[in-house]
Amino acid sequence: MADLAALTDDVLAEILLRVSSLRDLARASASCASFHRVASSQSFLGRFRPLHAPPPLGVFCCYPAGRGGTAGSQFHAALPPHSSAPLARAVAHSADFSFAFLPRPAADWLVRDSRDGRFLLDRARDGSTAFTEVAILDPLFRRYLRLPPIPDDLAASVENPYVQRTGDGDLQSRSSEIFLASRSDDSVSEEDLAFTVIWMACCRGKLVAFFYSSESQQWRVLSPPEHYALSTRRVMGVRLGQRNHAHGCFYWMVALTHRWLVLDTRKMEFSIIDISPVLSGRAMMFSNQITTVESRDGRTTVVVSDVFRPDKRCVLYFYGFMYFTDRWQLQNRVTLPEEWGYRFRGIIGAAEGYLFIKLDHSKENLNDQSEQHVEYFSLDVKTMQLGSFCQTTLLTVTEAYLYCGFPPSLLLPSV
């Protein structure tokens with residue numbers, strides 16, 4: 001057998017690229033100095049990460065201010081027996097999820113999005129709840145980047161934006177939707193930290209949108225769709241529901257309609273899609289009753305939660321979604337456990353073929369505050385097997401973000 005020391009770094013890299021899981025790579029890296037040197041190199045990580053989707057590591061929860069206090073946030077790592085628990089524990093110990101490295105006061109910053117291990121936060125600027133100060137940060141490496149403000153000539157097109165997020169005064173209220181749309185295509189090199197930020201505001205009778213590219217370092221206009229679902233809501237404005245994502249596209253329910261607003265970030269184009277065929281006969285009270293999942297075959301699966309049923313059960317309907325067509329194919333129907341009917345609080349996200357479901361505390365614990373907690377479960381879309389993911393004692397959560405990422409040993413700074 002050839003001496004391991006005689007193998008070049010290029011050969012070792014080809015071997016390690018074929019390792020099937022992050023846990024196995026971490027073990028291989030710890031087994032000898034040669035493997036560790038190659039596995040921790042920038043060039044290797046740039047090749048390895050696109051081949052392996054970042055696993056779900058926990059849930060990042062934002063909670064409101066209570067009784068004169070301040071709002072805050074907290075990371076809840078995946079717990080055993082979930083397979084991500086060891087990696088989640090390592091990330092929780094290494095990262096600063098309090099974001100203490102941001103400019104003070106810390107209470108002014110509001111988490112708006114999390115994607116690819118990055119967070120996007122903003123804080124009110126000059127009294128505006130629409131045009132805020134925006135920062136992108138990396139909690140593992142404790143680095144942040146503040147974005148330039150939207151230029152005045154672009155901002156002039158925004159008139160009386162409708163409030164998209166309510167909160168405790170101007171510090172927590174927002175009249176804009178802002179989020180990350182990171183690039184992950186093959187054109188990005190291992191040293192590229194490229195990202196895109198999307199900014200949107202719903203005004204009377206129109207949608208205004210801009211995007212910021214880290215490559216051009218400029219804000220640019222996004223042309224919104226012309227559709228009566230947006231233009232007829234001149235009196236009360238347009239309000240968007242929960243933001244969903246799959247294969248480079250973002251989806252929002254337009255309030256009081258059976259239509260999706262869709263943004264394809266690969267083309268930077270908006271469209272409106274009629275989704276009434278999958279909602280017919282079901283009471284849709286909340287936007288988190290519908291979500292999207294990236295199927296393993298490269299397609300998008302749409303999941304509709306039927307909660308308000310006479311039998312008080314919660315049923316999930318899985319539809320195959322053919323983009324830009326009217327074809328909706330029912331793929332599966334899953335009835336969740338009976339006690340989940342009253343505990344079900346929606347689907348917070350999807351990753352690696354799993355849905356992540358939020359459950360309120362059970363009836364048995366109503367009179368015992370020490371036993372009250374919110375639980376998050378995973379549902380394998382392929383096998384329909386349920387598993388425990390994590391839990392929190394925060395009973396009132398304003399936003400919950402599914403956090404996916406790599407262990408610290410396989411990461412480079414992302415900001």
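Applying a threshold of 8 Å to beta carbon distances and a minimum spacing of six or more residues, or different chains, the list of pairs starting in the stretch 29-41 at a residue that is in contact (Cβ under 8 Å) with a residue 24 or more places away in the chain and ending at one that is open to solvent by less than 80 Å² (accessible area, probe 1.4 Å) and not in a helix (DSSP H, G or I) reads 29/40; 34/7.
Every residue, every condition in (1) among the basic types (Lys, Arg); (2) in contact with a strand residue (DSSP E or B) (Cβ under 9 Å, 6 or more places away or on another chain); (3) closer than 23 Å to residue 117 by Cα; (4) surrounded by fewer than 17 Cβ atoms within 10 Å (Cβ to Cβ), yes or no:
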| site | (1), (2), (3), (4) |
| --- | --- |
| 12 | no, no, no, no |
| 21 | no, no, yes, yes |
| 25 | no, no, yes, no |
| 30 | no, no, no, yes |
| 39 | no, no, yes, no |
| 43 | no, no, yes, yes |
| 47 | yes, no, yes, yes |
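Taking the stretch 50-158 and the strands (runs of 3 or more DSSP E) fully enclosed by it, the elements with 1 or more residues that are open to solvent by 40 Å² or more (accessible area, probe 1.4 Å), in contact with a Pro (Cβ under 7 Å, 6 or more places away or on another chain) and touching a residue at least 40 places away in the same chain (Cβ under 8 Å) are at 128-138, 143-146. Taken residue by residue, the stretch 59-72 has no member that is at pLDDT below 85, over 26 Å from residue 393 (Cα atoms) and of a type in the set (Ser, Thr, Tyr). Evaluated against (1) modelled with pLDDT under 90; (2) of a type outside the set (A, V, I, L, M); (3) touching a strand residue (DSSP E or B) at 6+ places or on another chain (Cβ under 7 Å); (4) open to solvent by 20 Å² or more (accessible area, probe 1.4 Å), residue 237 falls short on exactly one condition, (4). If you go through the stretch 374-399 and keep only what is open to solvent by less than 40 Å² (accessible area, probe 1.4 Å) and either of a type outside the set (A, V, I, L, M) or modelled with pLDDT of 90 or more (or both), you end up with 375, 376, 377, 378, 379, 380, 387, 389, 390, 392. If you go through the stretch 30-50 and keep only what is modelled with pLDDT of 80 or more and polar (S, T, N, Q), you end up with 31, 34, 41, 43. Could you grab me the full set of residues in the stretch 24-43 that are under 16 Å from residue 54 (Cα atoms) and out of contact with any Ser or Thr (no Cβ under 8 Å at 6 or more places or on another chain)? The answer is 24, 25.
The values are calculated or read from the model by the stated rules, or taken from the named source; none is laboratory data. Quantities reported herein were computed from a predicted structural model and do not represent experimental measurements. Using ideal geometry, Cβ is built from the backbone for each residue, glycine included, and neighbour counts are taken over all protein chains shown. For accessibility, only protein heavy atoms count, side chains too; no ligands or nucleic acids. Shrake-Rupley method; radii C 1.70, N 1.55, O 1.52, S 1.80 Å.
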